[in-house]
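The structure appears below as structure tokens.
The values are calculated or read from the model by the stated rules, or taken from the named source; none is laboratory data. Computed from a predicted structure; not experimentally measured. Neighbour counts run over all protein chains shown; Cβ positions are idealised from the backbone, glycine included. Just the protein is used for accessible areas: all its heavy atoms, side chains included, with ligands, DNA and RNA removed. Shrake-Rupley method; radii C 1.70, N 1.55, O 1.52, S 1.80 Å.
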Number of protein chains: 2
Amino acid sequence: MIYLDFAATTPVSVPVREKITAVLTEHSGNPSSPHRPGIEAAKIVETARLDILRAAGLENSHRLIFTSGGSEGNSQVLMNLLTVEKRAGNIVVSAVEHNSVRSLLPRLERAGIEVRVLPPGPGGTLTPEAVLARTDSETRLVSIMAVNNETGFIFDIAAIAGVLKKQFPRVRIHSDFVQGFMKIPATLRELDFITVAAHKIYGPKGTGALIFQNNRLVSPLIGGSQEGGLRGGTQNVPGIAGFGEAVRLLAGKIEENLAQVSRLRAAFLKEMLKHLPLVQVVESKNNSPYILGLTVPGIKSEVVIRMLSEKGIFISAGSACSTKSRLRGSATTPPKYWG
Amino acid sequence: MIYLDFAATTPVSVPVREKITAVLTEHSGNPSSPHRPGIEAAKIVETARLDILRAAGLENSHRLIFTSGGSEGNSQVLMNLLTVEKRAGNIVVSAVEHNSVRSLLPRLERAGIEVRVLPPGPGGTLTPEAVLARTDSETRLVSIMAVNNETGFIFDIAAIAGVLKKQFPRVRIHSDFVQGFMKIPATLRELDFITVAAHKIYGPKGTGALIFQNNRLVSPLIGGSQEGGLRGGTQNVPGIAGFGEAVRLLAGKIEENLAQVSRLRAAFLKEMLKHLPLVQVVESKNNSPYILGLTVPGIKSEVVIRMLSEKGIFISAGSACSTKSRLRGSATTPPKYWG
């Protein structure tokens, strides 16, 4: 089997799996319980929380709450607009956001919030100036992903945040960082809200986090007293432990892995284009090497997927709403501890 | 270690843990992916979905979406009131609902929905007549848990639903069934919405389900296309597999386990009261044997918890908002497959 769909989800690495199994075996307490098994479970959660914040370079500026994944974090940031302030205002989002963001925009519109959708410019870019041009004093939130999940296009969210905050200091900036976290170097300190997920970085499905600047108002999506009242529900302790482990395994290796994946991607492309010169590469000037977008003129993506699937090679077409002929393979290199 | 806090969370049973580990090892696909690893993951999810619906006796009348746990399901049902219909109306809830329900009530109130809180009557009962007396043609939702998480009081939610639906067929009825699922026999077919969680029945934390009647309008809490667009986010495949396994292990054994736990509870009480005659039992006429509420006059619950904790015995006080002097131990019997 040649699995090339790491942007959809990654396998769980051996140390992460072992961590999860150990927690399932030995630490079954509820982190909210005041007795020893509870305190032990809470320690596991707090260790992961700090390690993830540190890996993101945000331990002094931001807080982190654990979620069930990237979609929940994205939803919480958007729905936050309906509860933390009374004014309607507007929201600026890129046209290529993840479905969890796009699917909730009509609800914001029905609540009277103007939704401004910004398509990427030529070459798949979203310049700070283009975002600034759609922003005004009524803008409450700008939500732009850092790495597009279908094409790998990188949007320089730090530069966007810098330019926006200078002109409109009250604008809140959110980035869906799911495809970039622990893969692409990024300065995140200017961002008000950041969503990440474990299952794109060899961690388990069902765990993610919403990271936000210390003094930001956050309203819970799920009721309850856990996570400081900002995210109800008993924490997924084994999943969170696995998430923490996945992050620790990649910490300090982002540049090294990026260089290695870039080499692999270039080698793959060179060889493929030698044999299949008709295939076109979907690429921007600033592209994540972890995602490789291809189009095969004249062949439907489903056909290519099925043909490759029969040979044990697994890739994705874009999500349901993208061009049918676009394919996506996300090349990556298994980490050294792979088993 | 004598862990008596199963109402807070249960350990994960060995077969459940093995199932989770197997899925983490062998089935790492994304259920939304159209290739073989994705299809295999989707099959795991669909098997669990059907098995859980069947165990609840609801495979012909209800649908099920997977959530991150009971709190998410409860939140989704309550927040549903803000999106599926325009009218304000009212909601009837018991005064002893789980914190995930109670904490969201002010948000409903701010949206103009009248919140009617119904305290249990003498002996901890909530009769259908008492609920009916607070219900009228403007009532949109009645939300009453089946088994209280602190006292184990059982509310006959099937009888309540029967009486309410006769008089007000359009009223929707929700029950937080987290403390009763796979433990207490119940007829659920009349209920519009039911929330359950895996980690109270030897399954993993981070997984639960919202079950609802086939033709009910449900609005997503988390955006995205998964779960028929009703719950976004990549499904927690290993957690869901573990949830399915936990349910299969208890299916058909509810009555047998209930009888065994009742015997254990009676034996424990008899022995305890022999040595500690001052301890009072918090009990209603219809009580879950899985939960045992005690009060120790004159001693703060924190003190009792700490003293017992030092001896390796772990119990809970009620949640933060309950009487300080109330203790809760949830007696249960480890299933036969326990390891």
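Side notes on the structure shown:
- Förster radius 30 Å - calculated FRET efficiency between residue B:88 and residue B:59 (Cβ-Cβ, nearest 0.05): 0.30
- Share of alpha-carbon pairs per 10 Å distance bin for the protein assembly as shown, given as whole %: 3, 16, 25, 26, 18, 9, 3, 1, 0
- The order of A:189, A:107 by accessible area, most exposed first and with a 1.4 Å probe, is A:189, A:107.
- Placing a label point 7 Å from Cα along the Cα-to-Cβ axis, residue A:54 is separated from the same position in the other copies by 4.8 nm, shortest listed first.
- Chain A packed on chain B takes about 4100 Å² of accessible surface away from a 1.4 Å probe, both sides summed.
- A 1.4 Å probe, protein heavy atoms only, puts the accessible area of residue B:191 near 0 Å².
- Under the convention that each Lys and Arg Cβ holds +1 and each Asp and Glu Cβ holds -1, the size of the dipole of the protein assembly as shown around its Cα centre is about 100 debye.
- At 7 Å out from Cα toward Cβ: residue A:285 inter-copy label distances (nm, ascending): 7.8
- Residue-level result for chain A: its Cβ closest to the axis carrying A onto B, with that distance in Å, is A:68, 2.
- Rounded to the nearest 0.05, the FRET efficiency derived from the C-beta distance between residue A:268 and residue B:43 at R0 = 30 Å is 0.50.
- Shielding value for B:16-24 is 4, the average number of Cβ atoms from other chains within 10 Å of each residue's Cβ.
- Distance between segment A:78-110 and segment B:16-40 - C-alpha centres, whole angstrom: 33 Å
- Within chain A, percent of DSSP bridges classed antiparallel, to nearest 5: 55 percent
- Rolling a 1.4 angstrom probe over the protein heavy atoms with all chains in place gives chain B an accessible area of 40 Å² per residue.
- Extending 7 Å from the Cα toward the beta-carbon at both residue B:311 and residue B:36 defines two label points whose distance is 5.9 nm.
- Chain A: Rg to Rh, with Rh as the Kirkwood radius over Cα pairs: 0.97
- Across segment A:278-317, Cα-Cα distances exceeding 16 Å account for 42% of all pairs.
- Position residue A:127, label points 7 Å along Cα→Cβ, spacing to each other copy in nm (shortest first, one decimal): 7.5
- In Hz, Karplus ³J(HN,Hα) per residue of segment A:213-223 (6.51, -1.76, 1.60; θ = phi - 60°; x = Gly, Pro): 4, 2, 9, 7, 7, 10, 10, x, 8, 10, x
- Take every DSSP beta bridge whose two residues both sit in segment A:168-280; close to 60 percent of them are antiparallel.
- Convex hull volume per residue for segment A:99-187, taking Cα atoms only, in Å³: 99 Å³
- Apportionment of accessible area to carbon and sulfur, chain B, percent (1.4 Å): 56 percent
- For chain B, the 222 nm mean residue ellipticity estimated from helices alone, with every DSSP H stretch of n ≥ 4 adding -39500 (n - 2.57) and the total spread over all residues, rounds to -11000 deg cm²/dmol.
- Distance in nm between pseudo-label sites at residue B:136 and residue A:296 (7 Å out along the Cβ direction from Cα): 6.6 nm
- Distance from the C-alpha centroid of segment B:256-295 to that of segment A:172-233: 43 Å, rounded to the whole angstrom.
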